[in-house]
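Scroll down for the structure; my scribbles are underneath it.
The values are calculated or read from the model by the stated rules, or taken from the named source; none is laboratory data. As the structure is a computational prediction, the values presented were derived from the model and not from experiment. As a convention, Cβ positions derive from the backbone with ideal geometry for all residues, glycine included, and neighbour counts pool all protein chains shown. For accessibility, only protein heavy atoms count, side chains too; no ligands or nucleic acids. Shrake-Rupley method; radii C 1.70, N 1.55, O 1.52, S 1.80 Å.
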Amino acid sequence: MSETLANLLQETRQFPPPADLASAANVKADAYDEAAEDRLAFWERQAGRLDWAQQWDQVLDWTNPPFAKWFVGGKLNVAYNCLDRHVAAGNGDRVAIHWEGEPGDNRSITYAELLALTSQAANALTDLGVTAGDRVAIYLPMIPEAAVAMLACARIGATHSVVFGGFSADALTNRIQDASAKVVITADGGFRRGKPSALKPTVDEAVAKCPTIEHVLVVRRTGQEVAWDSEKDVWWHEAVETASAEHTAEAFDAEHPLFILYTSGTTAKPKGILHTTGGYLTQAAYTHHAVFDLKPETDVYWCSADIGWVTGHSYIVYGPLANGATQLMYEGTPDTPHKGRFWELVQKHKVTILYTAPTLIRTMMKWGDDIPKQYDLSSLRLLGSVGEPINPEAWIWYRENIGRGGCPIVDTWWQTETGAIMISPLPGVTATKPGSAMRPLPGISADVVDDQAQSVPDGGGGFLVLREPWPSMLRTIWGDDQRFIDTYWSRFDGLYFAGDGAKKDDDGDLWLLGRVDDVMLVSGHNISTTEVESALVSHPSVAEAAVVGATDPTTGQAIVAFTIPRGSVDTEGDAGEALIAELREHVSKTLGPIAKPRQIMLVPELPKTRSGKIMRRLLRDVAENRSLGDVTTLQDSAVMDLISSGMSSGK
Ligand code: 6R9
């Protein structure tokens, strides 16, 4: 990527932290020095944030790389750390979860209640024959039982594998089979876009092909009809709600498998990313404390991710609960029953910290500034972003329209594989730049290298790598150590390669450029999709853009852009043509003529995964007039019809 359009997109705006936040921040600048001085001692102190039943003998065992062991010999229980110890400390009456169902029903659950529910579920799972080391699949909507199910597994040492509630029967089957799961926890259905949407039939279809499944534990959420197998199926309200609320948590080894989470795997077989106990919880809790500056007595935290995404694991369940947070959990979509739903919830619960994804921010931009203006968002004090590079204009929009010009934004880079946040501003320390994830957190060593594994100088671009093991790193790919080595540790000797391109600016701050597989090669120049997308989004008429390289007879690849106009923009007939011409010129002026898209299409939606990532692979199929590849991980499959029909009409 040496010829990447590095630094053509100049971003000079910078926002220092608000003085009051900086002076009261949980983590100050000295954390960087402390960690640099002795990284292992630093992580050892962070592990001390948790309650251990048995102290470790060794912080890190890295004698057999890339297989790490953290806090060797230590023992702890994750659910105990997330629940019991808060209750024991006198915080049992603090609300853990304010839950809002999509149809408007709601529940507030205190730490004492969450402990009781989790204990009941732990007893019920034990009664169903689940023991430590067994795998349990969880296929639930965003209801409190999802968190309870995960914590109950952790409590009894069963390894959970959460599968997105929208995945197909095939996807669920593959994941159950790969992990040889013994039990599935599901619901009759969930509410999505104002309608009950069934889950149980999908589970029935999958379970028919999965002989390892002994029981299906079913939460009644929507009340819809379900087929029932009286041998296998068990109602949650019968098994769990009648079980004893007393349960003593057993301590497990620091390296005991906590969960498997499958990465979407757009082409190959999904990878079962394995996370273990002590290191994972240490880094999830520390990063949640440091990056979100959580004050458990006063903050109301909201991470809008789905629990089926790693973000839901680390920043809805494990990090926040380990830290004793009060949080909001929302079942549904942002436009049900109206496009102000998110802001109505922020206003109602006086949310202080919001963690969401660029896709949501750009959708809100598309819907227009008027919507958030109708709500009182003055409780917000900190905003976070995760999942994709956030374009500078989306960052500014978020700050101005949601953060009222004053909230710091933490753009957090990490992966399912890293388990917790790796690169992010510290809200009380960092002067942020719109679009940059800035620096590795204390205790983390990230770098950008060229294709010879040499660190690039400031101003250079290349491959993002991690140089040292970190506590919440994946331990392997479930059942496939060789694939773990091949996938992450083979591109550069001794370095973890994450698959992302990045650049260092002149100050050494990091800018993520998207997956290296998505980099385009146009007339011999490497051009990152992220930079062209950000150039498009910097035009006032554009809310969102996805860029792909399509085969071109003269330039090798040519840039094709799919662009969603902002709500108020006229795109009919000549106005649409004029806008397209203007946008091509705009990109050419912003980045240089080499980056001018060959073709721009105005589209109403973009294909996204359920965690909000744009599926460029499908757009490449459209741009190259191919039939569509695998769409099973697509959030809304109707989107592709809309886009393809726009394409064939020449729009
Ligand atoms: C947490 C999560 C990981 C991939 C990652 C990168 C992209 C995530 C980002 C970001 C730029 C950020 N990504 N956060 N890119 N800036 N702040 O998203 O995990 O679903 O495994 O995806 O997401 O490409 O490699 P996961």
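Annotations
- Set Gly514, Gly556: member being of a type outside the set (Phe, Trp, Tyr), surrounded by fewer than 18 Cβ atoms within 10 Å (Cβ to Cβ) and modelled with pLDDT under 95: Gly556
- Filter result (open to solvent by 20 Å² or more (accessible area, probe 1.4 Å), closer than 23 Å to Thr159 by Cα and part of a helix (DSSP H, G or I)) within segment 474-486: Asp481, Gln482, Arg483, Ile485
- Within segment 411-421, considering residues that are near the ligand (Cβ under 7 Å from one of its atoms) and closer than 16 Å to Leu274 by Cβ, the one surrounded by the fewest Cβ atoms within 10 Å (Cβ to Cβ): Gln415
- Residues of segment 487-530 that turn out to be part of a strand (DSSP E or B), within 11 Å of the ligand (Cβ to nearest atom) and at negative phi, as a count: 10
- Any hit, segment 561-571, residues being surrounded by fewer than 22 Cβ atoms within 10 Å (Cβ to Cβ) and of a type in the set (Asp, Glu): yes
- Selection of segment 379-392 for residues being more than 16 Å from the ligand (Cβ to nearest atom) and open to solvent by less than 10 Å² (accessible area, probe 1.4 Å) yields only Leu380.
- The residue that is nearest to the ligand (Cβ to nearest atom), counting only those in segment 353-377 that are in contact with a helix residue (DSSP H, G or I) (Cβ under 9 Å, 6 or more places away or on another chain) and among the polar types (S, T, N, Q), is Thr356.
- Test for Tyr315: is it open to solvent by less than 10 Å² (accessible area, probe 1.4 Å) and under 22 Å from Lys613 (Cβ atoms): yes
- In the set (1) within 13 Å of the ligand (Cβ to nearest atom); (2) surrounded by 24 or more Cβ atoms within 10 Å (Cβ to Cβ), Pro270 fails one condition alone, (2).
- Condition check for Ala88: out of contact with any Asp or Glu (no Cβ under 6 Å at 6 or more places or on another chain), under 26 Å from Ala325 (Cβ atoms) and of a type in the set (Gly, Ala, Ser): yes
- Highlighted here are the strands (runs of 3 or more DSSP E) found entirely within segment 94-172 that include at least 3 residues which are open to solvent by 30 Å² or more (accessible area, probe 1.4 Å) and not acidic (Asp, Glu): 106-110.
- Selected residue (criterion: farthest from the ligand (Cβ to nearest atom)) from residues of segment 393-410 that are open to solvent by less than 10 Å² (accessible area, probe 1.4 Å) and not in a loop (DSSP other than H, G, I, E, B): Ile402
- Segment 333-378, residues that are basic (Lys, Arg) and either closer than 24 Å to Ile97 by Cβ or open to solvent by 20 Å² or more (accessible area, probe 1.4 Å) (or both): Lys339, Arg341, Lys348, Lys350, Lys366, Lys373
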